[in-house]
Amino acid sequence: MNSNLKPYAEYKEAKQSWIKKVPIHWKEAKSKRLFLETSIKNHPTEELLSATQSNGVIPRSMLKTRVVMPSGNLETFKLVKEGNFVISLRSFQGGLEYSRYRGIVSPAYNILEERTNQNKEYYRYLFKSHDFIGELQRNVTGIRQGKNIDVNDFKEIILPIPSLTEQDNIVKYLDHQLAKIKKFIKAKKKLITVLKEQKQLVINDAVTKGLNQNVKMQPTNINFIESVPAHWRKYRLKNLVSINGRIGFRGYTQSDIVNEGEGAITLSPGNIKNQKLKLDSLAYISWDKYYESPEIMVEDNDILLVKTGSSFGKAILIKNITYPMTINPQLVLLKKCKAHPEYFEKILFSSMFMSQISRRVIGGATPTIGQGVLGDIVFYVPDLNEQKHIIEYINHETDKIDKSIATIEKEIELITEFRTSLISNVVTGKLDVRDILLEENGEVNAYYEILEDETMELEEVLEGEECEV
């Protein structure tokens with residue numbers, strides 16, 4: 001990759017081990033020489049702020065997820081001024097969050113105020129750099145991931161201090177380049193959304209219209225589906241599968257939850273991600289409780305279906321079970337399917353199912369659908385031979401789309417890694433941006449060219465595929 005960014009001409013050994021060397025003209029000092037810890041209280045009418053890992057310190061009103069509002073005495077909360085840093089207790093994404101807002105935060109937080117007139121935005125970038133986070137994690141206390149950050153440990157960390165002019169150049173450069181990267185990633189994610197919609201269209205058309213465009217049709221009473229092939233049979237869900245969930249004695253209490261190895265995996269809606277079973281976050285239920293309800297033991301060719309929660313209707317076909325599993329009360333298991341299990345899973349992705357379940361859920365904040373109501377949902381299903389042909393067609397068409405999505409996701413991963421590397425290299429002095437003209441954009445543009453060549457090829461393929469569909 002051709003690049004306009006080059007190392008500085010001369011370096012010196014750094015006083016801190018986490019950088020090793022810094023440009024010869026940079027200064028260094030312990031954090032406590034630059035940042036003063038403050039604890040200003042008795043401002044109960046100020047806006048409540050939250051320290052977030054991804055957006056820094058922001059008003060609680062801006063949070064997308066619900067948070068528990070404080071019930072304690074707001075007079076004990078600490079004042080945060082614009083330009084302050086908040087140590088947010090956890091280190092796995094840095095833990096030092098920058099605030100562009102004035103307000104108050106929990107007294108559990110430590111507030112830091114820059115006191116030597118440095119460019120605060122430079123230190124915002126430095127504190128989120130890969131190198132600094134690594135150093136911070138070596139200096140924190142606690143035994144779990146996301147360890148507590150001791151403010152006194154932070155004060156002893158030695159920080160680089162470029163000249164103020166150089167700090168300004170670094171901030172200006174990174175602001176400009178990261179804005180371009182953000183725009184690039186946003187465009188890629190939009191393309192992924194389009195591809196997923198195209199995949200959904202392929203599935204939906206195949207399981208509601210079949211593959212023969214000239215076949216005779218019959219009317220339905222299903223919203224958004226006027227007709228289906230006339231030879232397809234009408235079923236209710238309860239006549240196609242056995243519906244099994246945690247009702248009555250099948251339920252469990254907190255005392256039934258055990259440690260890993262002491263019981264069976266208990267699946268939840270969070271284990272279904274992007275139409276795949278993810279086992280990265282697990283709960284376990286005692287063996288006694290597991291064997292008490294054999295009808296809700298998860299087996300190959302069962303279908304997991306979410307009946308309670310914001311992701312209601314989400315479903316997945318289970319394959320290759322390697323460890324005993326059961327379900328929590330938010331899920332149901334669909335067993336003994338009379339249709340081909342893979343075909344039935346695809347029906348559950350379609351408007352034939354989603355248009356009906358959406359009208360039957362009850363509840364506001366926590367939508368749910370009863371098993372009896374679920375059992376009355378209507379499906380139109382072809383014979384087994386036609387199901388297999390439809391499965392082959394869908395898999396052939398969606399495999400191409402999935403590969404395209406994987407390609408774009410890899411591009412996003414690469415540009416994200418590049419972004420992380422760029423920040424660390426610039427803020428720690430490995431690369432010199434003093435004489436870089438922003439309109440040149442050599443480093444980022446060179447990276448874009450590699451990824452854009454792949455994307456153009458992909459988009460050309462998609463245009464052809466769209467015509468076929």
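Residue by residue through the stretch 228-285, note down the ones that are within 15 Å of A315 (Cα to Cα) and aliphatic (A, V, I, L, M).
Within the stretch 228-285, L237, V241, I243, L267, I272, L277 meet the criteria.
Just to be sure I understand, how many residues within the stretch 1-20 are loosely packed, with under 15 Cβ neighbours inside 10 Å, outside any loop (DSSP other than H, G, I, E, B) and in contact (Cβ under 8 Å) with a residue 12 or more places away in the chain?
Within the stretch 1-20, the subset loosely packed, with under 15 Cβ neighbours inside 10 Å is 1-3, 6-7, 9-10, 12-13, 15, 17, 20.
Filter once more, so that each one left must be outside any loop (DSSP other than H, G, I, E, B): 6, 12-13.
Those left that are additionally in contact (Cβ under 8 Å) with a residue 12 or more places away in the chain: 6, 12.
Counting residues in the stretch 1-20 that are loosely packed, with under 15 Cβ neighbours inside 10 Å, outside any loop (DSSP other than H, G, I, E, B) and in contact (Cβ under 8 Å) with a residue 12 or more places away in the chain gives 2.
What are the residues in the stretch 230-258 that are assigned to a loop (DSSP other than H, G, I, E, B) and free of Cβ contacts under 8 Å to residues at least 60 places away in the same chain, if any? Walk me through how you get there before you give the answer.
At the first step, the residues of the stretch 230-258 found to be assigned to a loop (DSSP other than H, G, I, E, B) are 230-232, 241, 246-247, 251-253.
Scanning the stretch 230-258 gives A230, Y252, T253.
Check the stretch 419-431 and report whether any residue there is of a type outside the set (A, V, I, L, M), under 29 Å from the mean Cα position of the chain (by Cα), at pLDDT below 80 and under 30 Å from K20 (Cα atoms).
Within the stretch 419-431, none of the residues are of a type outside the set (A, V, I, L, M), under 29 Å from the mean Cα position of the chain (by Cα), at pLDDT below 80 and under 30 Å from K20 (Cα atoms).
Somewhere in the stretch 419-435, is a residue of a type in the set (A, V, I, L, M), touching a residue at least 12 places away in the same chain (Cβ under 8 Å) and surrounded by fewer than 18 Cβ atoms within 10 Å (Cβ to Cβ)?
Pass one, the stretch 419-435, residues of a type in the set (A, V, I, L, M): 422-423, 426-427, 431, 433.
Those left that are additionally touching a residue at least 12 places away in the same chain (Cβ under 8 Å): 422-423, 426-427, 431, 433.
Remaining after also requiring surrounded by fewer than 18 Cβ atoms within 10 Å (Cβ to Cβ): none.
So far as the stretch 419-435 goes, no, none of its residues is of a type in the set (A, V, I, L, M), touching a residue at least 12 places away in the same chain (Cβ under 8 Å) and surrounded by fewer than 18 Cβ atoms within 10 Å (Cβ to Cβ).
Just name the residue that is farthest from I318 (Cα to Cα) out of those in the stretch 330-380 that are of a type in the set (S, T, Y) and within 25 Å of the chain's Cα centre (by Cα).
Quick first cut of the stretch 330-380, residues of a type in the set (S, T, Y) only: 343, 350-351, 355, 358, 366, 368, 380.
Adding the requirement that they be within 25 Å of the chain's Cα centre (by Cα) leaves 350, 358, 366, 368.
Values: S350: 18, S358: 24, T366: 25, T368: 22 Å.
Ranking the qualifying residues of the stretch 330-380, first place goes to T366.
List the strands (runs of 3 or more DSSP E) that sit entirely inside the stretch 21-68 and contain at least 1 residues that are hydroxyl-bearing (S, T, Y) and outside the structural domain of L431 (by TED's automatic domain parsing).
Working: elements: 21-23, 27-30, 35-38, 49-52, 56-59.
Output list reads 35-38, 49-52.
Would you check if T266 is in a strand (DSSP E or B) and among the polar types (S, T, N, Q)? Working first, answer last.
Details: in a strand (DSSP E or B): yes; among the polar types (S, T, N, Q): yes.
For T266, the condition - in a strand (DSSP E or B) and among the polar types (S, T, N, Q) - is met.
Considering the stretch 227-254 alone, what residues qualify as being modelled with pLDDT under 90 and surrounded by fewer than 16 Cβ atoms within 10 Å (Cβ to Cβ)?
Scanning the stretch 227-254 gives I247, G248, F249, G251, T253, Q254.
Within the stretch 270-291, which residues are among the small types (G, A, S) and within 20 Å of V332 (Cβ to Cβ)? Before the answer, list the steps.
To start, the set of residues in the stretch 270-291 that are among the small types (G, A, S) comprises 270, 281, 283, 286.
G270, A283, listed by residue number.
Within the set of pairs 6+ apart or on separate chains, which have a first residue in the stretch 274-295 that is closer than 17 Å to G245 by Cβ, a second that is hydrophobic (A, V, I, L, M, F, W, C) and in a loop (DSSP other than H, G, I, E, B), and C-beta atoms under 9 Å apart?
Pairs found: Y290/M297.
Just to verify a result, which residue in the stretch 88-112, among those that are within 26 Å of the chain's Cα centre (by Cα) and among the charged types (D, E, K, R), is modelled with the lowest pLDDT?
Once the filter is applied, the top-ranked residue is R90.
Quick check on this structure: which one of Y343, Y323, Y290 is over 29 Å from Q387 (Cβ atoms) and surrounded by 18 or more Cβ atoms within 10 Å (Cβ to Cβ)?
Details: Y343 fails: over 29 Å from Q387 (Cβ atoms); Y323 fails: surrounded by 18 or more Cβ atoms within 10 Å (Cβ to Cβ).
Result: Y290 is the single residue among Y343, Y323, Y290 that is over 29 Å from Q387 (Cβ atoms) and surrounded by 18 or more Cβ atoms within 10 Å (Cβ to Cβ).
Given the conditions (1) assigned to a helix (DSSP H, G or I); (2) outside the structural domain of D399 (by TED's automatic domain parsing); (3) closer than 30 Å to V381 by Cβ, which single one is not true for N221?
(1)
Quick check on this structure: which one of E397, E392, E386 is exposed (fewer than 15 other Cβ atoms within 10 Å of the Cβ) and either modelled with pLDDT of 95 or more or not assigned by TED's automatic domain parsing to the domain that holds E342 (or both)? Don't jump to the end; show me each part of the working.
Values: E397 fails: exposed (fewer than 15 other Cβ atoms within 10 Å of the Cβ); E386 fails: exposed (fewer than 15 other Cβ atoms within 10 Å of the Cβ).
Result of the check over E397, E392, E386: E392.
The values are calculated or read from the model by the stated rules, or taken from the named source; none is laboratory data. From a predicted model like this one, the values you see are computed outputs, not experimental measurements. In this analysis, Cβ positions are derived from the backbone assuming ideal geometry, glycine residues included, and neighbour counts consider all displayed protein chains.
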